[in-house]
Amino acid sequence: MENLLLDYDEYDYPPHIPSGLLPTDASPEWLSKADNAWVLIAAALVGLQSVPGLIILYGSMVKKKWAVNSAFMALYAFAAVLLCWVLWAHQMSFGYKLTPLCGKPAFALSESYLLGPGPGDHHIPISTYVFYEFAFAAITVILIAGSLLGRMNFYAWMLFVPLWLTFSYSVGAYSIWSDNGFLQKYGEIIDFSGGYVIHLSSGVAGFTAAYWVGPRIPHDRQHFPPNNIIHMLGGAGLLWLGWSGFNGGSPLSANMLSALAILNTHFCTAISLLVWMGLDMYYYKKSSVSGAVQGMITGLVCITPGAGLVEPWAALVMGVLAGFVPWYTMMVHKRSTLYQLVDDPLAVFHTHSVAGLLGGILSGIFAKPSYLKMYYGVEKLHRPGLVYSVAQGQLRDGLIQMSYQLLGAGFIFVWNVLMTSLICIFISKFVNLRMSDDALKVGDDAAHGEEAYALWGDGELGPPLRLHMTPRLPSFCLPS
């Protein structure tokens, strides 16, 4: 005790508090070092989903002649979104109200803004929040590219990225996530990590853009094998594990809900992958690696809107439905005339729109009241999930919440169809949305003058120079 008192007198702080936890100029009282560290890690994990995760996934899931273009579309989008995000898009998504649909465009770069306390009662600086939400915005735009691979003019894509981020993503994020958004004004929509804002919007926007851009050349539509399945699995693995930050970081705190969200995420994903594999094996008599990756993605997407708001038994149900429903819609789509009109190479509409809508509806059914209170707070009115409202004799509240879930989905669907169409029409006035047929026959070499592999025969403009050279034979091989 005497030593403790001596320590207290010498350093002038209570002996039971480590010095590393005391406030300083760089760590003020409102800042939680643990929460800040976790959200920064979560943001990095989400960023790794895009770079290098989706770069590897896109570059390996397509035909060899499109590997460079597909990967480069993702890399460019990541960089372009960051620039737009800090210059105006973050404030449009989460800043002061301009209209019921978006905030005022403004910089998110000043010291006074970035080093201030984060939103609500979260104990992180705004700079951490800006970076975390940027990672979400970036992956949303990159997901759209999955519907446009193998034919979109890269220069048109360069224009599409900032325009879509500004006029579509920012509106969806503000409307559902911002306290001033018209859909979240009273706290009605349940969307824990972006089932609507990110996945439903990217799937709908990608499908709409694919209609305006047009299809791949017939040969590529009929024969478009992955160029490297092992790399595809590597990219898929980064996407899966990175989802720990995607869903686990949404509470903006290292708390019980973040832990629950991570467990539910991986549980639902594993179930969905196995269900998809089982359906492939039953109907096609063999398992497909590409199909397993699709099942993985649908599980990740489906659990996203309710990851920290449902119990594990509900995550299991969501995993089963995530593996079945998008699989079924994809099979129906392949047999429909719509499939001939709209070319969606990686089936982004099914893995993200269908799975995101499914997850939003199921979150409205399974969201637990106590989890809703912990996440959203008591000041926001989120009615219990339909299952709990029935158990509590409050069926009307559950049905009202379901109507809000459908309203949010409807708004995201309509807004993305409208704005994506207008953006594509606008861009087409200045540059062709689709590459020429001659360039499409070549691929990467025509688009960028580069190829993924030093192999001749698929997409190269001409044979290697050595084939035009006259061979020189050794003297002992010449006739005497």
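Calculated mean residue ellipticity at 222 nm for the chain: -18500 deg cm²/dmol, from DSSP H runs with n ≥ 4 weighted as -39500 (n - 2.57), summed, divided by the residue count and rounded to 500. At an R0 of 25 angstrom, the distance between the Cβ atoms of Tyr155 and Thr337 translates into a FRET efficiency of 0.20. By the rule of a C-alpha distance below 27 Å, with chain neighbours fewer than 8 residues away ignored, the lysines paired with Lys441 are Lys63, Lys64, Lys65, Lys334, Lys429. Remark on Arg434: its backbone amide H falls under 5 Å from those of Asn153, a criterion applied only to residues 5 or more positions apart or on other chains, H modelled at 1.01 Å from N.
With θ taken as phi - 60° and the Karplus curve 6.51 cos²θ - 1.76 cosθ + 1.60 applied, the whole-hertz 3J(HN,Hα) list for segment 89-106 is 6, 4, 5, 5, 8, 9, x, 5, 5, 9, 9, x, 9, 7, x, 6, x, 6 Hz, x standing for glycine and proline.
Inter-part distance, segment 82-121 to segment 229-298, computed on C-alpha centroids, equals 32 Å.
Put simply, the amide H of Ala307, placed in the peptide plane, has neighbours under 5 Å in Phe192, Ser193, leaving out anything fewer than 5 places away on its chain.
Only Cα sites of segment 301-361 enter the Debye sum here, all with the same form factor; the resulting log10 I(q)/I(0) across q = 0.19 1/Å is -0.67, listed in q order.
For segment 315-379, with all protein chains in place and a probe radius of 1.4 Å, 70% of the accessible heavy-atom surface sits on carbon or sulfur. In the chain, Cα pairs under 8 Å separated by at least six residues give a relative contact order of 20 percent.
Close amide H contacts of Leu98 (hydrogens built in the peptide plane, cut-off under 5 Å, sequence separation of 5 or more or a different chain): Gly103, Lys104. Shown for segment 88-166: the carbon plus sulfur share of the solvent-accessible area, taken with all protein chains present and a 1.4 angstrom probe, equals 69%. Give the accessible area for Phe349 in Å² (nearest 10); use a 1.4 Å probe, count only protein heavy atoms, and leave out ligands, DNA and RNA. Accessible area of Phe349: about 50 Å². For segment 331-450, the Kirkwood estimate of the hydrodynamic radius, built from every pair of different alpha carbons, is 18.3 Å. Can you list the residues of segment 35-59 with backbone N under 18 Å from a point 7 Å past the Cα of Glu450, pointing along Cα to Cβ? 51-59, by backbone N distance to the label point. For segment 406-445, the fraction of 1.4 Å probe accessible surface lying on carbon and sulfur atoms is 69 percent. Plainly put, segment 268-414 has a radius of gyration that is 1.03 times its Kirkwood radius, both from alpha-carbon atoms, as the Rg/Rh ratio. Computed over protein heavy atoms with a 1.4 Å probe, the accessible surface of the chain works out to 45 Å² per residue. Here the 3J(HN,Hα) profile of segment 325-338, calculated from phi with Karplus coefficients 6.51, -1.76 and 1.60 at θ = phi - 60°, is 4, x, 4, 5, 5, 5, 5, 5, 4, 5, 9, 9, 5, 4 Hz, Gly and Pro shown as x.
Over segment 217-372, Cα pairs under 8 Å with separation of 6+ residues give a relative contact order of 25 percent. Under 20 Å from the 7 Å Cα→Cβ point of Val414, by amide nitrogen: which residues of segment 79-104? Inside the label zone: 99-103.
Computed from backbone phi, the HN-Hα couplings of segment 224-230 come to 9, x, x, 8, 7, 5, 5 Hz, rounded to whole numbers (Karplus: 6.51 cos²θ - 1.76 cosθ + 1.60, θ = phi - 60°; Gly and Pro given as x).
Centroid-to-centroid, using Cα positions, segment 316-333 and segment 399-441 are 23 Å apart.
The values are calculated or read from the model by the stated rules, or taken from the named source; none is laboratory data. Predicted model, so just to flag it, every value in this text is computed and none were measured. So basically every Cβ, Gly included, is an ideal-geometry build from the backbone, and we count neighbours across all protein chains shown. Please note that ligands, DNA and RNA were not included when accessible areas were found on the heavy atoms of the full protein model with its side chains. Shrake-Rupley method; radii C 1.70, N 1.55, O 1.52, S 1.80 Å.
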